[in-house]
Amino acid sequence: MQLFFSSGEVLHKENVKELNEGTLVGENISYIGIEEDTEYKCLGKVNERGAKIIFKLTALAFERVAFKNNVNILMPSDIYQSNWEKYRIEWI
């Protein structure tokens, strides 16, 4: 599944996240399914440099995302702004 940030999410900067490497501005998020071990992929830019960020959610963040998905109210920013257990950056 691929989700694009809505205009409201962009307006309220819910597609912006601070990482150790700099400011990430996300364009979209993709994933296969909402599972505990899902790797989410975010295309965007870190400090204006193209990047793909692959990340996993913490257990608590996963529960919140899974609930919102089950009741059909999941937004890309719900995944994006959740706590990440780990991530890696692939520069593009």
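No value in this document is a laboratory result; all are computed from the given coordinates. Small disclaimer: the values here were computed from a predicted structure and weren't measured. Using ideal geometry, Cβ is built from the backbone for each residue, glycine included, and neighbour counts are taken over all protein chains shown.
Tabulated data for the structure shown
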read-out: Inter-probe distance in nm under a simple model that places probes 7 Å from Cα toward Cβ, at Asn83 and Glu35; value: 2.4 nm
read-out: 18 Å reach of a label modelled at Asn28, 7 Å along Cα-to-Cβ, counting backbone N of segment 44-65; value: 44-46, 50-55
read-out: Calculated from backbone phi, Karplus (6.51, -1.76, 1.60) coupling profile of segment 75-85 in Hz, x at Gly/Pro; value: 10, x, 5, 4, 6, 4, 8, 5, 6, 9, 6
read-out: Computed over the chain: relative contact order in percent, which uses C-alpha pairs under 8 Å that are six or more apart; value: 28 percent
read-out: Segment 2-63 - Kirkwood radius from inverse mean 1/r over Cα pairs (Å); value: 12.3 Å
read-out: Extension gain (nm, one decimal) between Lys45 and Leu19, 0.36 nm per residue minus Cα-Cα; value: 8.2 nm
